[in-house]
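Structure record follows, encoded as structure tokens.
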Amino acid sequence: MPVRIDDRGANNQVDAPSGFLETYDGTITFEGHHNHVVIGHGSNCNGMSILCRSHGTIHVGDHVRLETLRVYLLAASKLIVGEHTAFVGDASIAAHEARDVTIGHNCLIAGGVSFTVSDMHSIVDVDTGERVNPPRPIHVGHRVWLGTMSTLLKGTTIGNGSIVAANSLVSGEVAANVLVGGIPAKVLRTRVTWRNDLI
């Protein structure tokens with residue numbers, strides 16, 4: 001089944017390698033205008049779902065495994081995914097407000113991982129009436145491994161080569177080459193990295 005494009009707006013654009021839309025399965029929906037989706041050479045998917053409102057940008061690098069990734073850009077946000085990154089299963093990326101998500105190259109993102117740049121509702125100071133929970137971007141470095149069902153909250157930054165254990169809740173800054181885990185995620189080990197093969 002081909003990748004279906006449901007364009008309900010205007011001035012939306014999908015740039016994908018020859019044969020990508022015809023070969024793989026997925027849906028790209030534009031509910032608004034001026035969105036741009038770029039898929040790199042050698043990338044693939046198997047049930048991917050992308051929803052953009054207006055002024056969203058998605059740039060997927062070369063040789064990225066998208067699988068059943070679900071992306072919701074409901075504001076003028078940008079998603080960047082580096083080359084050779086693999087989503088294994090139904091990860092989700094949500095930008096309900098205008099903040100970006102950046103994922104480096106050669107990352108491994110397990111099933112059930114979720115990214116969200118917003119709390120999706122406002123928390124308001126009773127005295128001032130001001131909102132106290134603004135959205136914040138998410139940045140994942142290169143060669144990061146995100147374990148099954150881990151959650152990256154707004155404002156998360158993860159350094160190169162780090163590992164997030166399964167079922168962890170991550171917020172704030174994670175240094176490079178550390179293993180973190182738990183709710184909330186804490187450093188479990190430093191000066192570590194990971195490999196795809198078992199040695």
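Being under 13 Å from Leu108 (Cα atoms) and out of contact with any helix residue (DSSP H, G or I) (no Cβ under 6 Å at 6 or more places or on another chain) holds for only one residue in Val170, Val164, and it is Val164. Inspection of segment 61-72 identifies at least one residue that is open to solvent by 20 Å² or more (accessible area, probe 1.4 Å), of a type in the set (Lys, Arg), in contact with a strand residue (DSSP E or B) (Cβ under 7 Å, 6 or more places away or on another chain) and closer than 26 Å to Gly147 by Cα. In segment 129-152 there is no residue that is farther than 20 Å from Asp90 by Cα and at pLDDT below 95.
Residue-by-condition table, conditions (1) farther than 20 Å from Lys154 by Cα; (2) touching a Leu at 6+ places or on another chain (Cβ under 8 Å); (3) not aromatic (Phe, Trp, Tyr); (4) not in a loop (DSSP other than H, G, I, E, B):
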site: Pro17; (1), (2), (3), (4): yes, no, yes, no
site: Leu21; (1), (2), (3), (4): yes, no, yes, yes
site: His33; (1), (2), (3), (4): yes, no, yes, no
site: His41; (1), (2), (3), (4): yes, no, yes, no
site: Leu51; (1), (2), (3), (4): no, yes, yes, yes
site: Thr68; (1), (2), (3), (4): yes, no, yes, no
site: Ala75; (1), (2), (3), (4): no, no, yes, no
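Any idea which residue in segment 76-85 is farthest from Pro135 (Cα to Cα), counting only those that are touching an Asp or Glu at 6+ places or on another chain (Cβ under 8 Å) and open to solvent by less than 20 Å² (accessible area, probe 1.4 Å)? The selected residue is Leu79.
For every residue, the table says whether it meets (1) in a loop (DSSP other than H, G, I, E, B); (2) open to solvent by 50 Å² or more (accessible area, probe 1.4 Å); (3) touching a residue at least 24 places away in the same chain (Cβ under 8 Å).
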{"residue": "Arg99", "(1), (2), (3)": "yes, yes, yes"}
{"residue": "Gly112", "(1), (2), (3)": "yes, no, yes"}
{"residue": "Met120", "(1), (2), (3)": "yes, yes, yes"}
{"residue": "Asp127", "(1), (2), (3)": "yes, yes, no"}
{"residue": "Met149", "(1), (2), (3)": "yes, yes, yes"}
{"residue": "Val180", "(1), (2), (3)": "no, no, no"}
{"residue": "Leu188", "(1), (2), (3)": "no, yes, no"}
{"residue": "Trp194", "(1), (2), (3)": "yes, no, yes"}
{"residue": "Leu198", "(1), (2), (3)": "yes, yes, no"}
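In the set His36, His41, only one residue is within 17 Å of the chain's Cα centre (by Cα) and over 19 Å from Ser114 (Cβ atoms); that residue is His36.
The values are calculated or read from the model by the stated rules, or taken from the named source; none is laboratory data. In this text, all values refer to a predicted model and were calculated from it rather than measured experimentally. Cβ sites come from the backbone with ideal geometry, for glycine too, and all protein chains shown count toward neighbours. Accessible surface is based on the protein model in full, side chains and every heavy atom, while ligands, DNA and RNA are left aside. Shrake-Rupley method; radii C 1.70, N 1.55, O 1.52, S 1.80 Å.
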